[in-house]
Amino acid sequence: MPAELACFDERCGARFPVTDVLYNCPRCGGLIETVYGQRDASGWKQLWRERRMSNLPIDQSGVWRYREFLPFLDDYRHVVTLREGNTPLLEGPGAAAYGGLDRLVFKHQGFNPTGSFKDNGMTCGAAQARRLGMQRVACVSTGNTSASMAAYASAGGLQPVIFLPHGNISFGKLAQALEYGARTLQVEANFDQNLALVRVVAGQLGIYLLNSINPFRIEGQKTIMVEMMDQRDWRVPDWVVLPGGNLGNASAFGKALREMRDLGLIDRLPRLAVVQAAGAAPFYELMRSADRSRLRRVEHPETLATAIKIGDPVSWPKALHEIEATGGVVESVTEQEIADAKAVIGRCGIGCEPASAATLAGIRKLTGSGVISGDSDVVAILTGNVLKDPDYIHRYHTGILQGIAGERLISNLGNPPALVQCNTSAIISLLQV
Ligand code: F0G
């Protein structure tokens with residue numbers, strides 16, 4: 001069986017051709033996923049290793065190198081690659097100690113070409129758009145999706161149109177969208193309202209939607225888990241910890257892990273831990289609810305980690321399934337906890353944007369409560385680059401960062417610059433202590 005689209009709701013299970021433009025099931029409204037027939041994975045691990053020696057663009061991509069794992073394209077000439085993926089596993093001893101662990105490894109998706117994990121998915125979304133003969137692509141974004149889409153669309157000869165919640169995205173991300181040539185609309189509405197808008201507009205104008213409800217984005221983001229396993233010589237960690245916003249990544253990771261297990265590439269599943277910011281934590285609340293059957297959206301989500309400032313995450317049914325399938329958990333963390341964890345990651349020489357630091361803040365809580373034991377093998381996913389939000393960093397280190405209710409956050413690890421006169425002895429006496 002070639003690739004098909006399928007309704008994720010198993011009570012429906014409707015199937016559609018892979019070339020249909022679908023984001024929700026036309027029969028029941030459920031989420032859409034990409035499915036494949038029987039595949040034989042013997043030889044893949046070695047093939048994937050060998051491709052690291054290749055100079056072919058498609059092999060150098062940390063997504064398309066694993067193309068047997070996401071075989072939805074019929075012609076690889078549609079691929080647009082900026083050599084996405086290829087992100088390192090980095091040891092963070094200081095972060096491990098802070099998180100109550102013996103050892104902690106970060107998979108840093110901020111090393112991607114546009115500085116976030118979105119590139120893993122966007123290369124696939126852009127390829128599918130080209131295959132379908134689309135001219136324009138659109139997304140709503142808290143910043144990273146738009147930066148990524150703008151780059152891949154422009155690189156692939158597509159016109160990017162992006163919708164941004166006005167005043168709520170970091171300057172670094174907005175700057176990328178402008179530089180990469182996106183038609184940029186700043187709408188006086190939050191992310192969730194923007195998503196509703198863009199769906200209507202894209203439908204009416206025949207623009208291809210590249211938010212994470214697009215099933216091909218999810219296929220690309222699966223490779224974050226495959227590359228992680230490849231880099232670990234297929235040793236399965238106990239936990240994979242990631243921040244949760246719209247929950248596309250949690251959905252992608254769970255799908256990847258289940259598929260790897262079903263194909264015999266790994267012998268067990270790690271547990272997923274999703275961490276949300278307390279002011280935008282509808283998924284955390286869902287997990288605590290009695291029957292987990294309905295997500296109550298947060299009407300006015302608030303967090304300084306603007307990447308995950310989302311109150312009505314569309315992919316929650318998939319993410320819920322993956323948390324349950326992996327015996328996972330969902331945690332929530334405060335602004336202060338995110339800010340301090342972020343500074344700790346910075347001090348490891350690694351650095352990340354605020355949303356990414358929710359991982360370490362969550363790990364600290366989860367080891368504190370005994371859910372994760374100190375000797376566990378944990379990989380935390382840093383989703384975005386430290387330079388995405390320099391304003392936040394400057395505020396934290398100079399002691400002027402304010403929380404969501406205007407309260408002053410404490411700069412527990414503050415490292416303000418010193419202002420000195422142009423005078424050698426003044427500088428020497430400053431540096432002597
Ligand atoms: N971390 C970063 C840096 C992000 O940009 C996002 C999402 C997430 C985590 C959450 O991932 O949505 O898959 O649960 N950013 C989206 C955007 C929403 O528009 O750039 P998720």
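The values are calculated or read from the model by the stated rules, or taken from the named source; none is laboratory data. Small disclaimer: the values here were computed from a predicted structure and weren't measured. A quick note on method: Cβ atoms are made from the backbone with ideal geometry, for glycine too, and the neighbour counts reach across all protein chains shown.
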Could you tell me which residue of the range 314-327 is surrounded by the most Cβ atoms within 10 Å (Cβ to Cβ), considering only residues that are more than 14 Å from the ligand (Cβ to nearest atom) and not hydrophobic (A, V, I, L, M, F, W, C)? THR326
Can you find even one residue in the range 413-427 that is polar (S, T, N, Q) and not in a loop (DSSP other than H, G, I, E, B)? yes
Hits in the range 88-110 - residues which are within 13 Å of the ligand (Cβ to nearest atom) and either surrounded by fewer than 22 Cβ atoms within 10 Å (Cβ to Cβ) or not in a strand (DSSP E or B) (or both): GLN109, GLY110
Tally up the residues in the range 121-170 that are more than 11 Å from the ligand (Cβ to nearest atom), aliphatic (A, V, I, L, M) and either under 20 Å from the mean Cα position of the chain (by Cα) or over 27 Å from GLY311 (Cα atoms) (or both), please. 12
For the range 39-62, indicate whether the set of residues that are buried (at least 21 other Cβ atoms within 10 Å of the Cβ), part of a loop (DSSP other than H, G, I, E, B), within 16 Å of the ligand (Cβ to nearest atom) and within 23 Å of the chain's Cα centre (by Cα) is non-empty. no
Got a sec? Which of GLY346, GLY279, GLY311 is in contact (Cβ under 8 Å) with a residue 24 or more places away in the chain, closer than 21 Å to LYS173 by Cβ, surrounded by fewer than 23 Cβ atoms within 10 Å (Cβ to Cβ) and within 14 Å of the ligand (Cβ to nearest atom)? GLY311
Checking PHE216 against (1) within 24 Å of GLU84 (Cβ to Cβ); (2) surrounded by fewer than 21 Cβ atoms within 10 Å (Cβ to Cβ): exactly one of these is not met. Which one? (2)
Yes/no for VAL330 being outside any helix (DSSP H, G or I) and within 13 Å of the ligand (Cβ to nearest atom): yes
So if I check each of ARG258, ARG297, ARG268, which one is within 15 Å of the ligand (Cβ to nearest atom), of a type outside the set (Gly, Ala, Ser), surrounded by fewer than 20 Cβ atoms within 10 Å (Cβ to Cβ) and at pLDDT 95 or above? ARG297
Being buried (at least 24 other Cβ atoms within 10 Å of the Cβ) and either without any contact (Cβ under 8 Å) to a residue 24 or more places away in the chain or within 12 Å of the ligand (Cβ to nearest atom) (or both) is the filter here; which residues of the range 221-240 pass it? GLN221, ILE224
Take the residues in the range 172-208 that are within 13 Å of the ligand (Cβ to nearest atom) and touching a Phe, Trp or Tyr at 6+ places or on another chain (Cβ under 6 Å), then tell me which one is modelled with the highest pLDDT. VAL198
It is to be established whether one or more residues within the range 389-405 are of a type outside the set (Gly, Ala, Ser), within 16 Å of the ligand (Cβ to nearest atom), outside any loop (DSSP other than H, G, I, E, B) and more than 18 Å from ALA361 (Cβ to Cβ). yes
